[in-house]
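As C-alpha cells, the structure follows; a few thoughts come after it.
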C-alpha cells in the first residue's frame, strides 16, 4: 500500500508539470525549424563541406504551443553565410515570432603558393600547394584545379602560402617584341598575309602593334596563335 501511495503521489506531482510543458512549444522544434530552413536554402543546397549550427536559445523561454506549422524566414537584410539570424514564427491562434542565432560555414580546397614567387614566373606543378579555407575569406577568383594555374605567368610577386587567383595570372607570351610574324588581313572572303614585326610582347587573344615590313605601316592586331596576328 505504501508503495502504491508513493506512485500515486509521484503521478499527481508530475501531471501538472507535464500539462504545463505541453502548453509551450519545444525549443528543440524551434531550432529544428531554423536548421531545416538554412539547410534547404538555395544558396546552401548541394554545397559540399557546409556546416549549419543553430545558436543558444534560453530553455526558460515559454512560447505558446503553435496550432499551425512553424514558418522560418530570413529577416530583411539577413545573409545566408557566416553569423546570421533566422526568424521562426507561429501564425496559429496565438501568434509569436522568435529570432534564432545561427552560423553557416563553408570551406573549400584552394590553390596556394609553396614558396615566394616573383612577377613573370611561369607557374610549375611544384609551385602549387593546397589548403582548406573558409569561403567567406575568399574572392570569387580563387582557383581549385592545378590545370588552371600550371603554365600561366604571374602578373605580380606572390608571398609564400599566397592564394592563386585568376587576377594574378596571365597567359604566357607566345610572341616577343622584335619577332617576325605573319600579319593577316581581309574582308568579304578576301584574305591577305604579309610579313610583319611585332612591336610588343603578347599572349593569345591580346592586342599588339605590328609593323608591316613591306609598307612600314604600323597597325594593331589580335594574336591568334604563335607567330600569327589578325589585323583589326
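The values are calculated or read from the model by the stated rules, or taken from the named source; none is laboratory data. This is a predicted model, so every value here is computed, not measured. Glycine gets a Cβ as well: all are built from the backbone with ideal geometry, and neighbour counts include every protein chain shown.
Under the condition of being in a loop (DSSP other than H, G, I, E, B) and touching a strand residue (DSSP E or B) at 6+ places or on another chain (Cβ under 6 Å), which residue from the range 108-138 is surrounded by the fewest Cβ atoms within 10 Å (Cβ to Cβ)? Give the derivation first.
Residues of the range 108-138 that are in a loop (DSSP other than H, G, I, E, B), as a first pass: 114-116, 118-121, 123-124, 138.
Filter once more, keeping what is touching a strand residue (DSSP E or B) at 6+ places or on another chain (Cβ under 6 Å): 114, 119, 121.
Details: 114: 14, 119: 11, 121: 15.
My answer is 119.
With 126, 171 as the choices, which residue is more than 30 Å from residue 51 (Cβ to Cβ), free of Cβ contacts under 8 Å to residues at least 24 places away in the same chain and within 35 Å of the chain's Cα centre (by Cα)?
None of the others qualify; the one that does is 126.
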(message) Step by step: first the residues of the range 57-82, then only those that are part of a strand (DSSP E or B) and more than 13 Å from residue 99 (Cα to Cα), then the one that is farthest from the chain's Cα centre (by Cα). Which residue is that?
(response) 64
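Picking from 177, 161, which residue would you name as being within 42 Å of the chain's Cα centre (by Cα) and within 18 Å of residue 117 (Cα to Cα)?
The conditions single out 161.
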(request) Considering only the range 178-191, state which residues are in a loop (DSSP other than H, G, I, E, B), modelled with pLDDT under 90 and either closer than 19 Å to residue 216 by Cα or not assigned by TED's automatic domain parsing to the domain that holds residue 207 (or both). (result) none
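Within the range 159-177, can one find any residue that is over 30 Å from residue 110 (Cβ atoms) and in a strand (DSSP E or B)? Spell out the reasoning first.
Initial filter on the range 159-177 (over 30 Å from residue 110 (Cβ atoms)): 175-177.
Retained after the next criterion (residues that are in a strand (DSSP E or B)): 175.
The answer is yes, given that some residue of the range 159-177 is over 30 Å from residue 110 (Cβ atoms) and in a strand (DSSP E or B).
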(request) Mind telling me which of the residues 97, 85, 113 ends up being more than 22 Å from residue 39 (Cβ to Cβ) and modelled with pLDDT of 95 or more? (result) 113
